[in-house]
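The values are calculated or read from the model by the stated rules, or taken from the named source; none is laboratory data. Values in this document were obtained by computation on a predicted structure and should not be read as measured data. Because the Cβ atoms are built from the backbone with ideal geometry, glycine has one as well, and the counts that use them run over all protein chains shown. Side chains are part of the model used for accessible areas, which takes the heavy atoms of the whole protein and leaves out ligands, DNA and RNA. Shrake-Rupley method; radii C 1.70, N 1.55, O 1.52, S 1.80 Å.
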Amino acid sequence: MTAAEILCVVGARPNFMKIAPIIDAMRGHVALSPVLLHTGQHYDEAMKDAFFRQLGIPEPDVDLEVGSGSHAVQTAQIMQRFEPVLERVGPRAVLVVGDVNSTIACGLVASKKQVPLIHVEAGLRSYDRTMPEEINRVLTDQISDLLFTTERGAERNLLREGIDAGRIHFVGNVMIDALLKHVEKAVPAPSVLQRHGHAAVEDYAVLTLHRPANVDDPGVLAGLLKALVEVSHRLPVVFPCHPRTAAMIETHGLRSVISDGRMTLLPPLGYLEMVGLVSTARLVLTDSGGLQEETTALGVPCVTLRENTERPITVTEGTNTVVGRDADRILQCVEDILETGGKRGRVPELWDGKAATRIVDVLARRLAEIAA
Ligand code: UD1
């Protein structure tokens, strides 16, 4: 029997820690053979190469090298460049993860070519259609043949949208597979700070910000930064800054806002640096999706700077509190955490480091059944 080739797609930073355990598990399975394609959505050392190296992801077999652009340009270019590759490789199925532009772009091409489409991390919903990722999630799920979910609520969302129950498999969270595998090897927080020329701090909060809704409008970003500077007067804040946010801070002269506080600005960090920093933080302030889950798995209190979350289990079972952008609410939540230690939470069902193994087992079994 020859192993079925599965074309595995990655594009952006939050995809890399999801694909790493899946590639590993496929390589250990006789029936499956991964072919790795990178769209090039994220392409530089900080946003891509450091992650490939630290997570042990092999060099991509194909790199579409699309780079940055508007959503329309980026999505269109990925589609245009992906189609001939799909024809040339002729895989048994295409596997996409998460909710970035690369996910929907490659998903659309595969589905129109009638190549079975597999979506890992299906069914998450913020019910906020102003988020580009929500559009990507809803559409990718509609065209997927096999949908792997991280929490039980995701299955309910999919059933409500008319997806056949037989296509949905609750397998747990591959991002937590990567986290559990690497947490012991993480770079300790003092070393992370020292590597970037800063003194180590004992007690600190970690901040990340990159959602368009938070950073694209200079007024909104300035308001948030002012609130976070207030937080930093209570507890030093370490802020690894996404390129999109760094560009906004520079363009709109917002460095002066930050310099009023005890805030340490860092460039985007590698995976092992970020895990090290987060795992010993007193709390995390973020608008990221992945960090809401990683903090829940690590038992670190998380303050989500958004009005909603597509990952409600991190609130109902984990350590997450969704506070939005209001300065008083942010400060109150931080104050509560400093006083009480914050939500302790529990690790959600099947976030046990074995999700990728479950995925490849199901995949090997189901490939024979789903239409080619
Ligand atoms: C994308 C995802 C988002 C994810 C985030 C994680 C979509 C719709 N959004 O948003 O869900 O949470 O990645 O980072 O797919 N840039 C670099 N180096 C790179 C890549 C990008 O400097 O390697 C800069 C470019 O200036 C670019 C900006 O970052 O314009 C934004 O990149 P882009 O891919 O457009 O989206 P993200 O905001 O990163």
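Remarks
- Note, ³J(HN,Hα) from phi for region 272-280, Karplus 6.51, -1.76, 1.60, rounded to Hz, x at Gly and Pro: 5, 5, 5, 4, x, 5, 5, 5, 10
- Accessible area of region 185-340 divided out per residue, in Å², using a probe of 1.4 angstrom: 37 Å²
- 0 to 90° range, to nearest 10: angle between helix 13-27 axis and the chain longest Cα axis: 40 degrees
- For the chain, the number of Lys pairs separated by eight or more positions or lying on different chains, with C-alpha atoms closer than 20 Å, is 8.
- Here the Karplus relation 6.51 cos²θ - 1.76 cosθ + 1.60, evaluated at θ = phi - 60°, turns the backbone of region 132-143 into coupling constants of x, 5, 5, 4, 4, 5, 4, 6, 4, 5, 4, 9 Hz, with x for every Gly and Pro.
- Per residue, region 47-144 exposes 40 Å² of solvent-accessible protein surface, assessed with a 1.4 angstrom probe and all protein chains in place.
- Across q = 0.09 Å⁻¹, the chain modelled as identical point scatterers on its alpha-carbon atoms has Debye log10 I(q)/I(0) values of -0.49, in the order of the q list.
- Cβ-placed point charges (K, R +1; D, E -1), dipole of the chain about Cα centre in debye, nearest 20: 340 debye
- Amide H to amide H distances under 5 Å link His169 with Leu147, Phe148, Thr149, where only residues 5 or more positions off or on other chains count and H is placed in the peptide plane.
- Applying a DSSP loop filter and a limit of 10 other Cβ atoms within 10 Å to the GluC sites (Glu not before Pro) in region 175-254 leaves Glu202.
- Residue-wise HN-Hα couplings along region 257-266, as the Karplus relation 6.51 cos²θ - 1.76 cosθ + 1.60 with θ = phi - 60° gives them from phi, are 4, 5, 5, 6, x, 9, 10, 9, 8, 10 Hz; Gly and Pro carry x.
- Adding -39500 (n - 2.57) for every DSSP H run of four residues or longer, then dividing by how many residues the chain holds, sets the calculated 222 nm ellipticity at -13500 deg cm²/dmol.
- Size of electric dipole in region 185-340: Cβ of Lys, Arg +1 and of Asp, Glu -1, about Cα centre, debye, nearest 20: 400 debye
- Just the protein heavy atoms count here, and of the accessible area of the chain at 1.4 Å, carbon and sulfur take up 50 percent.
- Distant-in-sequence amide H partners of Ala4 (H built 1.01 Å from N, under 5 Å): Leu32, Ser33
- Positive-end ranking of Gly11, Ile359, Thr251 along the dipole of the chain, with charges on Cβ about the Cα centre, is headed by Ile359.
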